[in-house]
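K.L.:
Below are the structure tokens for one structure; questions will follow.
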Amino acid sequence: MGARLVGLGNFSFKYRGYMLPIAVILLVIPSPYLFADPSVAGLIGFLVAVLGQAARVANVGLAYIIRGGKDHKVYAEQLVTNGLYSHVRNPMYVGNFFLVIGLAIVSNSWVFALIGVPLSLGMHKAIVAAEENFLRNKFGAQFDAYCASVPRWVPRLAGLARTVSGMQFDWRRVIAKEYAATFDWFSAVAVVRASESLSRRHAG
């Protein structure tokens with residue numbers, strides 16, 4: 001990984017909490033529609049976002065990694081390779097990808113699609129670079145062997161059902177760790193719908 005990308009990833013990791021306010025700003029900027037029918041955009045986007053949230057829920061319920069880092073820096077106590085991490089190295093970020101795409105569709109906004117989606121994907125790419133740099137420095141050959149056998153972004157579906165059925169799912173951990181993310185995304189969707197409603201009233 002390039003040093004500049006790793007540096008950008010450490011910066012993005014530290015300030016990733018600002019992505020939601022940026023998303024909300026992009027959502028309320030007037031924009032041409034992606035779909036002529038907003039209800040179609042809402043349905044498709046919601047289904048895509050649910051897929052992303054389901055991936056996050058499955059990951060947290062099966063094998064949890066400390067996601068907040070330590071002192072706003074990338075940190076890991078151990079190399080987790082079980083659960084969904086045995087099928088893809090970044091299952092939480094894969095879930096985030098579908099959430100962002102879903103939100104872009106729900107927003108029905110070309111502004112958000114052309115600015116928010118690339119910004120989010122670029123930020124996640126940089127964060128992954130920083131995380132992999134940290135893990136490689138800490139776990140060395142063990143992490144290299146893991147990278148050689150598990151894809152970074154596209155999940156390996158073979159054996160996925162066996163993985164899920166062979167592990168105990170912890171709903172209490174999901175509720176404790178995922179309620180905030182779910183609330184944030186649904187709040188963003190509510191902002192979209194409220195702004196659309198106001199726009200219709202003014203147009204009428």
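The values are calculated or read from the model by the stated rules, or taken from the named source; none is laboratory data. Keep in mind that what you see is a predicted model, and the values were worked out from it rather than measured. Cβ placement follows ideal geometry from the backbone for every residue including glycine, while neighbour counts extend to all protein chains displayed. All accessible areas refer to the heavy atoms of the entire protein, side chains included, with ligands and DNA or RNA removed. Shrake-Rupley method; radii C 1.70, N 1.55, O 1.52, S 1.80 Å.
K.L.:
Non-local amide H neighbours of SER109 (under 5 Å, H modeled in plane, Pro and chain starts lacking H): which ones?
P.N.:
Close amide H contacts, sequence-distant or interchain: LEU34.
K.L.:
Could you do me a favour and compute the accessible area per residue for the range 19-94, 1.4 Å probe, result in Å²?
P.N.:
On a per-residue basis, the range 19-94 sits at 50 Å².
K.L.:
If you don't mind, there's one more thing I want to ask. For the range 4-52, what % of the accessible area comes from carbon and sulfur atoms, probe 1.4 Å?
P.N.:
Of all accessible area on the range 4-52, carbon and sulfur atoms account for 76 percent.
K.L.:
Based only on the alpha carbon positions, what is the Kirkwood hydrodynamic radius of the range 1-138, in angstrom?
P.N.:
Hydrodynamic radius (Kirkwood, Cα only) of the range 1-138 equals 16.0 Å.
K.L.:
How large is Rg over Rh for the range 1-60, taking Rg from the Cα atoms and Rh as the Kirkwood inverse mean of 1/r across Cα pairs?
P.N.:
Here Rg/Rh amounts to 1.11.
K.L.:
Top to bottom by accessible area (1.4 Å), largest first, where do TYR15, TYR146 land?
P.N.:
TYR15, TYR146
K.L.:
While we're on this one: Report the full-extension gain for the segment VAL150 to ALA3: residue separation times 0.36 nm, less the Cα-Cα distance, to one decimal in nm.
P.N.:
50.6 nm
K.L.:
If each of ALA158 and ASN137 carries a label point 7 Å out from its Cα toward its Cβ, how far apart are those two points in nm?
P.N.:
3.5 nm
K.L.:
Could you derive backbone 3J(HN,Hα) for the range 139-154 from the dihedral phi with the Karplus parameters 6.51, -1.76 and 1.60 (θ = phi - 60°), listing whole Hz in sequence and x where the residue is Gly or Pro?
P.N.:
My calculation for the range 139-154 gives 10, x, 4, 4, 6, 4, 5, 5, 4, 5, 10, 10, x, 6, 10, 8 Hz in order.
K.L.:
In percent, how large is the relative contact order of the range 1-125, given Cα pairs closer than 8 Å and 6 or more residues apart?
P.N.:
It comes to 41 percent, rounded to a whole number.
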